[in-house]
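Written out below as structure tokens is the structure these notes cover.
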Amino acid sequence: MKLKKILLTVPVVLTLVFAMAVSAMAFGNKFKQEVEKETGAVKLVREVMRGGYDVITTEELKKLIDSGKDVLIIDTMPYEASYKKEHVPGAKQFLFPIPEMEAWDSKETDGKSQEDYVTLLGPDNNKTIVIYCGFVKCTRSHNGAMWAKKLGYSNVLRYPGGIFAWKGVGYKAESVK
């Protein structure tokens, strides 16, 4: 009888030990994930503060597009590798680098000049301009938004979620045929 009790207890104890180990790992991962989220959030906020622009969410961008308001959307990723395959509907492409570009460098913008960017942005300095790249950690959109502000545009929004967030909620992307 005692042996039967012990045999029944061993699986229960092993199950509890396993559950506690998994639980500890989950909480450990949860805490580590929170540190990663915090690091990303602080990095984004500091970029926004340095750039002097504002941010927009996926839902806000969708509503803005659906409203029919005149808005310029700029995809800052490479043409062939990204933009051509998929981009937010109506977006125009202008490449920016990932590292912060404090001085204009045409080698980093696919040979395009500051004047080329101004031409794309247009003559209306108050027009709503939304600039994005692939995903939150990508800083190409920071460069594009920062440069739009430097060039005197006042209504500049960075869409940090980019094409990944756009597709993540199930919205259709366009491609170049």
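The values are calculated or read from the model by the stated rules, or taken from the named source; none is laboratory data. Values in this document were obtained by computation on a predicted structure and should not be read as measured data. Because the Cβ atoms are built from the backbone with ideal geometry, glycine has one as well, and the counts that use them run over all protein chains shown.
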Residues of the range 57-84 being among the hydrophobic types (A, V, I, L, M, F, W, C) and either outside the structural domain of residue 136 (by TED's automatic domain parsing) or within 19 Å of residue 126 (Cβ to Cβ) (or both), in sequence order, are 61, 64, 65, 71, 72, 73, 74
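From the list 88, 118, 156, exactly one residue is outside the structural domain of residue 39 (by TED's automatic domain parsing), within 16 Å of the chain's Cα centre (by Cα), more than 19 Å from residue 47 (Cα to Cα) and of a type in the set (Val, Ile, Thr). Which is it? Give the derivation first.
On the way: 118 fails: within 16 Å of the chain's Cα centre (by Cα); 156 fails: more than 19 Å from residue 47 (Cα to Cα).
One residue alone meets the criteria, 88.
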By residue number, the members of the range 156-174 that are in contact with a Phe, Trp or Tyr (Cβ under 9 Å, 6 or more places away or on another chain), under 22 Å from residue 121 (Cα atoms) and not aliphatic (A, V, I, L, M) are 158, 159, 160, 161, 162
Over the range 112-156, the set of residues assigned to a loop (DSSP other than H, G, I, E, B) and among the small types (Gly, Ala, Ser) is 113, 122, 134, 152, 154
Reported set for the range 87-100 where residues are part of a loop (DSSP other than H, G, I, E, B), surrounded by fewer than 17 Cβ atoms within 10 Å (Cβ to Cβ) and at negative phi is 89, 97, 98, 99, 100
